[in-house]
Amino acid sequence: MSGSPEETKKHIDIYMKVAGALAVLTVVTVLASYIDVAVPLAIIIALIIATAKGSLVVSYFMHLVDEKSRSLAIALALTVFFWLVLMLVPIMTTSDTYGVHKPLPNANATHAEDGAH
Amino acid sequence: MEIPYTVAERPDTGLNNVKLGIWLFLASEVMLFGGLFSTYVILRVGGVDWPLGAEYLNIPIGAFNTAVLIGSSVTMVMCFASLKLGDFAKYKTYMGWTLVLALTFLVVKGYEYYEKVSHDHLPSHSTFLAIYWTMTALHGLHIVGGVIVNGYFWGPGSKLWHQKREMFENRIEAAGLYWHFVDLVWIFLFPVLYLL
């Protein structure tokens, strides 16, 4: 943020509106958790609300809407890309085993020993 | 010799070095917490049985702490706005409130930890509690770091305002970016751990 006192006062008005929106969305987050839906849908709803709140914080409190730097845009785009890789690659590599009970190789070692006796 | 571009924008990046530096640091923090969130998702969707957060955690307390941290983000951004308006007294007040709210968050978190320990809900108890302790403790350490930095700028570090105003504004902006990031992480931690 830079500029004249008038511009700063306009920013303060925006901060107050964003604060109000964040408070409302926090209440919505808690209320949404009481809706009886399947876990994957509950996760999606919670993350959509959290993403909306996060976007407000990053855009206005962190002044990203006012940033014009190309270097920063590239750095943040790379961060988002690698964050997605970090989130998606491990999930995709194990997605075929979700919900399948897969004990560790030595999980029943005691039983095997018992059987041997 | 003065360090260049601490206040003035570098022509090649379009930012001063303080701002570029804190954004790059925050990018590394995104990857740090991203790794833990990725771990959480793998453990959660890959687990045969997973408890609801509410079985172990107190939702009203978590929601209260969320409100406290959002409130501290508002007071932090008002610190910077006050400096832009040249009102140092208001800056001190808002920074004081930021510190009070941050300490409130830590006290509430400490109470939650005390409850967990007294019920023997330690990281070794379950995978859910292991990831809960890891993520919230790492976040708590970030809060402690923010309190130390903000406390410095509220106290002895604020003398810089009377000598080099623009440099002080820059430092508060950088401290604010860090603080908002810490708030941002909690915005995701709260629903993921407490509500799902």
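One chain, two ends: residue B:137 and residue B:3. Fully extended at 0.36 nm per residue, the span grows by 44.6 nm beyond their Cα-Cα distance.
Between residue B:10 and residue B:87, full extension at 0.36 nm per residue minus the direct alpha carbon distance yields a gain of 24.9 nm.
Quick one: Debye curve from the C-alpha atoms of region B:101-185, no solvent, what's log10 I(q)/I(0) at q = 0.25 Å⁻¹? Treating every Cα as an identical point scatterer, log10 I(q)/I(0) equals -1.19. Taking the three principal axes of the alpha carbon atoms in the protein assembly as shown, the coordinate ranges are 82, 41, 38 Å, sorted in descending order. Taking label positions 7 Å along the Cα-Cβ direction at both residue B:25 and residue B:100, the computed distance is 2.7 nm, reported to one decimal.
Inter-chain neighbour count for A:20-33: the average number of beta-carbon atoms from partner chains within 10 Å of each residue's beta-carbon is 4. Partner shielding of A:51-62 amounts to 5, given as the average count of beta-carbon atoms from other chains within 10 Å of each residue beta-carbon. For chain B, pairs of C-alpha atoms spaced more than 24 angstrom apart make up 47 percent of the total. Per-residue ellipticity at 222 nm computed for the protein assembly as shown from its helices equals -25000 deg cm²/dmol, with DSSP H segments shorter than 4 residues left out and the rest contributing -39,500 (n - 2.57). Largest GNM mean-square fluctuation among B:180, B:125, B:139, using chain B with Cα springs under 10 Å: B:125.
With a cut-off of 19 Å, note down the residues of region B:121-147 whose backbone N falls inside the zone around a label point 7 Å from the Cα of residue B:58 toward its beta carbon. Zone members listed by number: B:121-123, B:129, B:132-133, B:136-137, B:140. Using only Cα atoms and rounding to the nearest 10 degrees, what angle (0 to 90) does helix B:59-84 make with the longest principal axis of chain B? The answer is roughly 10 degrees. Taking Cβ atoms as reference points and 9 Å as the exclusive limit, the residues near residue B:14 contribute a net charge of 0, counting Lys and Arg as +1 and Asp and Glu as -1.
Between residue A:55 and residue A:31, what FRET efficiency comes out of the Förster formula 1/(1 + (r/R0)^6) with R0 = 25 Å and r the beta carbon distance, rounded to 0.05? Walk me through the numbers before you get to the answer.
On the way: r = 20 Å, r/R0 = 0.80.
Step by step, r from the Cβ atoms, then E = 0.80.
The number of Lys pairs in chain B with C-alpha atoms less than 26 Å apart, excluding pairs fewer than 8 positions apart on the same chain, is 13. Angle of helix B:127-154 to the longest C-alpha principal axis of chain B, folded into 0 to 90 degrees and rounded to 10: 20°. Of the trypsin sites (Lys or Arg not before Pro) in region A:1-101, the ones in a loop by DSSP (not H, G, I, E or B) with at most 11 other beta carbons within 10 Å are A:68.
Computed over region B:68-118, the Cα gyration tensor eigenvalues convert (square root of 5λ each) into semi-axes of 30, 8, 4 Å, ordered from largest to smallest.
Each value in this text was obtained by applying a stated rule to the coordinates, not by laboratory testing. Just so you know, these numbers come straight off a predicted model, no measurement behind them. Here the Cβ is made from the backbone with ideal geometry for all residues, glycine too, and neighbour counts use every protein chain on show.
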